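Student: Got a structure here, written out as structure tokens. Questions coming.
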Amino acid sequence: MITHLFFDAGNTLVHPNLELVAEVVTRHGAPVSAAALEAAELHARAVLDHPDIIRDTTDHTRWLLYFERILGRCGVTDTAVVRSSLEELKARHRKDNLWERVPADVPATLARLQGRFRLAVISNANGTVRDKL
């Protein structure tokens with residue numbers, strides 16, 4: 001009998017604020033939409049889930065690779081734009097965590113499950129996820 005459910009926070013319960021990413025990248029010189037970033041994000045996530053990438057990278061280098069893949073798939077390839085955008089986004093991430101968008105159905109789903117199971121959230125984030133949830 002299942003008594004406990006564990007959820008990974010990132011890209012399960014909370015997702016990156018791609019609207020903010022679009023604003024930052026656009027301000028740094030490469031107009032891009034949140035919708036385009038969202039489509040590219042699915043591809044970047046699949047690439048990063050490869051066992052070789054997981055083994056050969058750190059959280060920091062995976063973070064950079066993740067956003068470089070997203071931006072590259074959206075046609076943002078100017079090194080200066082990518083670098084300056086990611087520097088600004090990384091500073092914001094350290095302070096507030098870019099994974100701040102909670103899909104509308106998450107709270108109600110967790111509330112329904114809470115009565116039936118003990119719930120836990122697992123995260124390698126910077127400690128701000130608890131406040132988001």
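Student: For the range 1-44, which positions are within 17 Å of the chain's Cα centre (by Cα), within 17 Å of LEU89 (Cα to Cα) and of a type in the set (D, E, K, R)?
Tutor: GLU19, GLU23, GLU38, GLU41, listed by residue number.
Student: OK, next. Can LEU37 be described as open to solvent by less than 20 Å² (accessible area, probe 1.4 Å), hydrophobic (A, V, I, L, M, F, W, C) and more than 24 Å from THR109 (Cα to Cα)?
Tutor: Considered against the rule, which asks whether it is open to solvent by less than 20 Å² (accessible area, probe 1.4 Å), hydrophobic (A, V, I, L, M, F, W, C) and more than 24 Å from THR109 (Cα to Cα), LEU37 comes out as yes.
Student: Run down VAL21, VAL47 and say which single residue is open to solvent by 20 Å² or more (accessible area, probe 1.4 Å), closer than 22 Å to ASN124 by Cβ, part of a helix (DSSP H, G or I) and in contact (Cβ under 8 Å) with a residue 12 or more places away in the chain.
Tutor: On inspection, the qualifying residue turns out to be VAL47.
Student: Would you confirm whether or not the range 99-112 contains a residue that is among the basic types (Lys, Arg) and under 14 Å from ASN17 (Cβ atoms)?
Tutor: yes
Student: Which one is farthest from SER33 (Cα to Cα), of the residues in the range 53-79 that are open to solvent by less than 80 Å² (accessible area, probe 1.4 Å), aliphatic (A, V, I, L, M) and assigned to a helix (DSSP H, G or I)?
Tutor: Step by step, filter the range 53-79, then rank; the result is ILE53.
Student: I've got another one for you. Given the structure, is LEU5 surrounded by fewer than 16 Cβ atoms within 10 Å (Cβ to Cβ) and in contact with a Leu (Cβ under 7 Å, 6 or more places away or on another chain)?
Tutor: yes
The values are calculated or read from the model by the stated rules, or taken from the named source; none is laboratory data. Computed from a prediction, not measured in an experiment: that's the story for all the values here. Counting neighbours? That spans all protein chains shown, and the Cβs are built from the backbone with ideal geometry, glycine included. These area figures cover heavy atoms from the full protein model, side chains too; ligands, DNA and RNA do not enter into them. Shrake-Rupley method; radii C 1.70, N 1.55, O 1.52, S 1.80 Å.
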